[in-house]
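Participant: Once you've had a glance at the structure underneath, I'll fire off some questions.
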Amino acid sequence: MTKAYVYEQYRPRLAMAGLYADLWIDRVGHCVSDDERTKARVQDVSIMVYCVRRGRRTLIWEVGGRANVVRPGDMAVIPPGVSYNPAAAWGARGWETWWVHFGGARAAHLAEWLGFSLSQHLTHLGLHDDCIACFRHLCRILLAKRAHCELDALAELYRLLFLVKKYARSRARRSKGLEAALGAGMTVRGVDEMAAAAGLSKCHFVRKFRAAAGIPPWQYLIRQRIQAAKELLLRTDLPMKSIANRVGFSGAGYFATVFRRHAGVSPRAFRAQHRPALDAGWK
């Protein structure tokens, strides 16, 4: 793990520059997860965390008491006072994340400015090399501790934030015609219904969806159903048949087959592996 801090003696210079009150950096870092499970913490600053590489098993971020199954390209912006646990389950080894802690008058409102969901905190931004480069450069600036490094780091943080906003807006524009289809939720049974919900012909919808998401819509729909099923397995005691029906599978047997194909284990095994760790963390 790599960590870099902005030390207290630098902050008066930020104040003199008229920047400290609006936004300041507390720390920035890089982490590759090990097998250990961590405990939830509440910070008095905002946190931005970005998952950039898949590891072994399942990485779970717990934000505000809500368990979120993470995939590469996911980003969370967590405001002050909201609990956060970056590794809420055992065995998530090799997942790579970058993070930055920041404060100031604008910090608590950045999630809304970036266009992130204020209720879920987690957004799939996608993997972008220039965003990763910004995190890496922030670390290098602060670890070097050269003159005026705090101002250079703040400038790099603003660059990162504008990049994140650009990609979030671009993703929203690309998916505008698709959100109506996805808004139909897990009741959509196939691509024909998704295309109808989006108001597009099937062929045009498939081309547009593949261009935006990088995969065909039926693959995306299956992944979304598996993701929703994982959260229900972790957060509820519903039987397999009820979960299958909720996320759009025709039966528990087919649901178990597809889940095993994507997750590597059966739904019951997934719940048995990850639910005890989460329950222990919530007690």
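The values are calculated or read from the model by the stated rules, or taken from the named source; none is laboratory data. Fair warning: this is a prediction, and the values are worked out from it, not measured in the lab. Note that we place each Cβ from the backbone using ideal geometry, even for glycine, and neighbour counts take in every protein chain shown.
Participant: Would you please name the residue that is modelled with the lowest pLDDT, looking only at residues in region 34-68 that are out of contact with any strand residue (DSSP E or B) (no Cβ under 8 Å at 6 or more places or on another chain) and of a type outside the set (Asp, Glu)?
Facilitator: ARG37
Participant: Checking the structure you have, find out if any residue of region 233-255 is at pLDDT 90 or above and of a type in the set (Ser, Thr, Tyr).
Facilitator: Within region 233-255, one or more residues are at pLDDT 90 or above and of a type in the set (Ser, Thr, Tyr).
Participant: Would you say LEU234 is in contact (Cβ under 8 Å) with a residue 60 or more places away in the chain, surrounded by 14 or more Cβ atoms within 10 Å (Cβ to Cβ) and of a type in the set (A, V, I, L, M, F, W, C)?
Facilitator: yes
Participant: Right, another one. State the number of residues belonging to region 59-97 that are over 18 Å from ALA229 (Cβ atoms) and of a type in the set (Lys, Arg).
Facilitator: So the answer is 1.
Participant: Scan region 80-116 residue by residue and report those that are at pLDDT 80 or above and of a type in the set (D, E, K, R).
Facilitator: Of everything in region 80-116, those that are at pLDDT 80 or above and of a type in the set (D, E, K, R) turn out to be ARG93, GLU96.
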